Amino acid sequence: METNRELFEAYNKDVYRTCYYMVHDAADAEDLTQDVFITVFHTNRENVEHLKAWIMKITVNHCLNHLKRKRTLQQKISDNLYLFKKSPEIPVERLIEQRETSMEWAKYLSQLPVKLRMVITLRYMHDFSLAEVSDLLSIPLGTTKSRLHKGLKVLRRILLEAGVQIERKEGESYEKVGEYAGASVK
């Protein structure tokens, strides 16, 4: 069995990347990554068969809980805007992150509904099979497939509207290509 340090070193980048793509904030992603590993370290993992899948399920659940809390907080703030005199400014770190090429993909993914984003992130960012994604999210395989199909369709439309060229092999539809590895930003 791996030590906590080995476990952290093996999976921290995957956990952080998933958190970042789901919450779109570097500081929140770092905090969530720490929370995930605290949970992992305090849980008995002796009987866990697929360690990465188990850790990713914990990650997704932490992110979903965070997004729910954030939505509730934003609702409270919007209901009480009169209490706030000054509008919040965008932090410099956020502006820098938005300019990085890899962050463009996070921007595109952020436009997807959370349910579609989760399936696409787990499938293509972490190379989980559809069955594994279905198990991780505790949804039927058919629902996973339909969310993936719809997510890819919506993402394709978002990319085309943003002017991103999607290169495909002749005669191949985007569903068969799966991920947009051939996409280039113009």
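Here is how the numbers come out for the structure above:
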quantity	calculated
Checking Gly151 against (1) open to solvent by 100 Å² or more (accessible area, probe 1.4 Å); (2) at pLDDT 60 or above, the condition it does not meet	(1)
Residue within the range 16-35 that is modelled with pLDDT of 90 or more, of a type in the set (A, V, I, L, M, F, W, C), open to solvent by 50 Å² or more (accessible area, probe 1.4 Å) and part of a helix (DSSP H, G or I) present	yes
Residue ID - modelled with the highest pLDDT, chosen from residues in the range 42-58 that are open to solvent by 70 Å² or more (accessible area, probe 1.4 Å) and more than 23 Å from Ile120 (Cα to Cα)	His42
Yes/no for Gly142 being small (Gly, Ala, Ser), closer than 29 Å to Thr59 by Cα and at pLDDT below 80	no
Filtered residues of the range 59-88 (kept if modelled with pLDDT under 60, not basic (Lys, Arg) and not in a helix (DSSP H, G or I))	Phe84, Ser87, Pro88
Count of residues meeting criterion [open to solvent by less than 40 Å² (accessible area, probe 1.4 Å) and at pLDDT below 70] in the range 154-181	4
Within the range 1-15, considering residues that are open to solvent by 80 Å² or more (accessible area, probe 1.4 Å) and in a helix (DSSP H, G or I), the one nearest to Tyr108 (Cα to Cα)	Lys13
Lone qualifier among Glu132, Glu100 - being at negative phi and modelled with pLDDT of 55 or more	Glu132
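The values are calculated or read from the model by the stated rules, or taken from the named source; none is laboratory data. Computed from a predicted structure; not experimentally measured. What goes into the accessible areas is simple: the full protein's heavy atoms, side chains included, and nothing from ligands, DNA or RNA. Shrake-Rupley method; radii C 1.70, N 1.55, O 1.52, S 1.80 Å.
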